[in-house]
Amino acid sequence: MDNTTAPAGTATSVLPLLAGRWGGRPVWRRRWLPRGRLMRWLAIAFLALLAGWALVPGLFASGSPTAVNPVAALLGPSGHYLLGTDQYGRSVYTELVYGARPALEVGLACTLIGGLTGSAVGIIGGYLGGWADMAVMRLIDILLALPGLFLALIFIAALPRTVPNEILAISISTVPIFARVLRGQALQVRSLLFIDAATVTGVRRRAIVWRHVVPNCMAPAVVLAAVNIGVAIVVAASLNFLGLGPSEGVLDWGALIASGQNYINQDWWISVFPGLTVALLVIAVSIIGDWLRDAMEPSSG
Amino acid sequence: MGNEEPLLSVRDLAIGYQAARREVLLVRDVSFDVAPGEIVCLVGESGSGKTLTGRAVVGLLRHSGRLRVSGSVAFGGRELTTMPERELRRIRGREIGMIFQDPAAALDPVVRVGDQVAEAAVRLGSGRRRAERGRVIELMSQVGINDPEVRARQFPHEISGGMCQRVLIAIALAGDPGLLIADEPTTALDVTIQAQVLHLLSELRREKGLSVLLITHDMGVAAQMADRILVMYAGSLVEVAPTAEFFAHPGHPYSLGLVQAVPRVDAARARRLPAIPGTVPEPGDRPPGCPFHPRCPLRLDVCQTDEPALLPAGPGLAACHRSDEVRGDARLPIWAGTAWVDTARAETARAGSAAAAGQP
């Protein structure tokens, strides 16, 4: 079975079980999804659809996502209500479409804030090294031991439930991954000859970091950021599902799933379709992430 | 040149690292001078400590973590090893330039060539980026880059290795330094480009009085370029001699091996190219006595116990108990494989006239 699922790029080994360890990705990171051009395009199409929802929701759904209609409560999927209605008679589809924008905003904001902070910590630590680097990285190790969602949970639990606080919590949970990856990259870049060459030309350390180290660290940062937008959206949805999101007034997929919980036995569509959207998002993001990583791998130029 | 004040003066340079129990020395007791306008070649096999010595001079080993540098490096009378980083930065580029073995790796792959030259020119010139455009073009044409305007807009991977090395030389010259440290500048280049780069360095020396510390393992390059030759073996200097003298009368069996391992087109007769058997000892297990004795066909008992000091031998210095014999013998024994044969026997043994030239 290992032979059939081994990625195409991996050399076939006498020890199929270990093939991944020497031949590229470790066994536990084996791609379990069917890959290739089709999957990649499906993923891109799905993400494009979500982006469309976020940018021009009016184009995809008619009516207001908050229009309550008690007469039409708990209707199953039909021609009129594509994905059915919830307990207040709101169209699940419309709610999904209008939920994309806040989700995307959270994803982008968290990636920007957390990514920049994490990258800065990682690059500075990796380039300068020494004592401070050690201390910060041990702290990062501790944070990395907890899953991102858990980390966000800890912070959100201590804060008033507002959108900025939610973004803050998720951003914090984003920092360690960026710090770790970018530190590794900066360490590697630091040892390259052109850094020495700049040093013997008498370029200041600060200038070396800005002009030579940072630009050479961009590739992995971009890949990580692309993946992280999706991850942050899912974390936000999870927090909302647990009732730890912004308390009122924000349309959210996680909250939508939670609201359908009580009706799941009969009126399954309220929870299932938003859940499906989030699940597909995760899959699409990981396909794109794999693809980006492969495309930007230094070995392939 | 002898009585001039040296531009660069290295004394008792040692570079080592702390291993589990003991300190391992990679470079030891290295002392030499470079006079203004002089080209000094540092030669030796891979792993002999040439590159480390060059890097130590510009203080590149300061942040290397485990490497410890001791001894003195004086440039124009100022001590570099104890100088604060801030002050050293002012000397780097302005007074000492450096070029590297792998020119493609010494340029930042994501920065346009012109911007990299500008980085040096801006720092070392007026400080205004806009005003340096002309200076960048001037520097680039000075080192023989055609179409500098076009090249300046390209990325390092778009230009050839020889072109990269020219760009590096342009960068190194931006601050008009008095000393250029060239760490195997032509090793990665093909022979015609190598000749051009070497010619460029000679020209710069003639026009600007540039001193060059040229690190190389290519005896041909050393013969062509050097005023003086320093031979390193296993981290120590084993011979220092003016070039003509070095090639005519090497004072150390190792030097002799290096000299005779050079293939010559003008050799009077075909001969088998000699090779020095064995390899340089690992820094961890340097043999007692003379570090070269396990490979030396002239070794005596004393060589295995007493390390010879670098003492005057003819016009130069040599670290060998038998340097007078090595220098004085007109009928020089040559290295041939593992055998030690004289020229008379070599004359009869013409079989290997087409011996392949390897690295010395």
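Values quoted throughout were computed directly from the atomic coordinates according to the rules given, and no laboratory measurement underlies them. Computed from a predicted structure; not experimentally measured. A quick note on method: Cβ atoms are made from the backbone with ideal geometry, for glycine too, and the neighbour counts reach across all protein chains shown.
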### Task
Only Lys, Arg, Asp and Glu count, each charged at its Cβ (+1, +1, -1, -1), so figure out the dipole size of the protein assembly as shown about its Cα centre, rounded to 20 debye.
560 debye
### Task
Over the Cα atoms of chain B, compute the convex hull volume and normalise it per residue, giving Å³.
149 Å³
#### Entry: Net +/- balance of residues flanking A:Gly118 in space, Cβ distance below 11 Å, scoring K and R +1, D and E -1
+2
## Note on the structure
For B:Pro283, the net charge from surrounding residues (Cβ-Cβ under 15 Å; K, R +1; D, E -1) works out to +2
#### Entry: Potential lengthening between B:Glu203 and B:Ala244 on full extension [0.36 nm per residue; Cα-Cα distance subtracted]
12.7 nm
### Message
Along the Cα→Cβ direction, 7 angstrom out, place labels at A:Ile44 and B:Asp115. What is the inter-label distance in nm?
### Response
2.7 nm
### Task
Take every DSSP beta bridge with both residues inside chain B and express the antiparallel ones as a percent of the total, to the nearest 5.
65 percent
### Query
Looking only at A:Leu168, A:Leu49, A:Leu182, which one moves most when chain A is put into a Gaussian network model with springs between Cα atoms under 10 Å?
A:Leu49
### Task
Using a cut-off of 13 Å between beta-carbons, work out the net charge of the residues near A:Ser259 (Lys and Arg +1, Asp and Glu -1, A:Ser259 not included).
-3
### Query
What FRET efficiency do you get for A:Val56 and A:Leu146 if R0 is 30 Å and r is their Cβ-Cβ distance, rounded to the nearest 0.05?
0.20
### Query
Where the eigenvalues come from the Cα gyration tensor of the stretch A:192-235, what are the semi-axes √(5λ) of the equivalent ellipsoid, largest first, in whole Å?
33, 9, 5
### Sites A:Leu116 and A:Leu192, calculated FRET efficiency, Cβ-Cβ separation with R0 30 Å, nearest 0.05
0.80
### Message
Cut-off 10 angstrom, C-alpha nodes, Gaussian network model of chain B. Which of B:Val326, B:Val24, B:Val143 fluctuates the most?
### Response
B:Val24
### Message
Using a Förster radius of 35 Å, what is the FRET efficiency between A:Gln261 and A:Leu139 based on their Cβ-Cβ separation? Nearest 0.05, please.
### Response
0.40
### Query
Rounded to a whole number of µm²/s, how large is the Stokes-Einstein D of the protein assembly as shown at 20 °C and 1.002 mPa s, given Rh as the Kirkwood radius over C-alpha pairs?
72 µm²/s
## Note on the structure
Site B:Arg68, offset 7 angstrom along Cα→Cβ, radius 11 Å on amide nitrogen, limited to the stretch B:23-51, gives B:23-25
### Message
Among A:Leu50, A:Leu74, A:Leu146, which one shows the highest mean-square fluctuation when chain A is modelled as a Gaussian network with alpha-carbon springs under 10 Å?
### Response
A:Leu146
### Task
Report, by chain and number, residues whose modeled amide H sits under 5 Å from the one on B:Met232, excluding near sequence neighbours (fewer than 5 apart, same chain).
B:Val43, B:Gly44, B:Val238
#### Entry: Distant-in-sequence amide H partners of B:Phe292 (H built 1.01 Å from N, under 5 Å)
none
#### Entry: For the stretch A:127-147 and the stretch B:139-208, distance of Cα centres in Å
42 Å
### Task
Pop out the ³J(HN,Hα) list for the stretch A:73-84 in order, Karplus 6.51 cos²θ - 1.76 cosθ + 1.60 with θ = phi - 60°, rounded to Hz; leave Gly and Pro as x.
5, 6, 8, x, x, 8, x, 7, 9, 3, 10, x
## Note on the structure
Under the 7 Å Cα-to-Cβ spin-label approximation, A:Asn69 and B:Val191 lie apart by a distance in nanometres of 8.7 nm
### Query
Looking at A:Ser62, A:Gly76, A:Gly129, which one has the Cα that reaches farthest to the positive end of the dipole of the stretch A:33-132 (charges on Cβ: Lys, Arg +1; Asp, Glu -1)?
A:Gly129
### Query
Among bridges DSSP assigns within the stretch B:1-157, what percent are antiparallel (round to 5)?
95 percent
### Task
Tell me the label-point distance for the pair B:Glu79, B:Gln224, using the 7 Å Cα-to-Cβ offset, in nm and rounded to one decimal.
4.0 nm
### Message
With θ taken as phi - 60° and the coefficients 6.51, -1.76 and 1.60, list the Karplus ³J(HN,Hα) couplings across the stretch B:76-82 in order, rounded to whole Hz; mark glycine and proline as x.
### Response
x, x, 9, 7, 8, 5, 9
### Summary
Karplus ³J(HN,Hα) for the stretch A:173-178 (6.51 cos²θ - 1.76 cosθ + 1.60, θ = phi - 60°; Hz, whole; x = Gly/Pro) runs 5, 7, 3, x, 5, 4
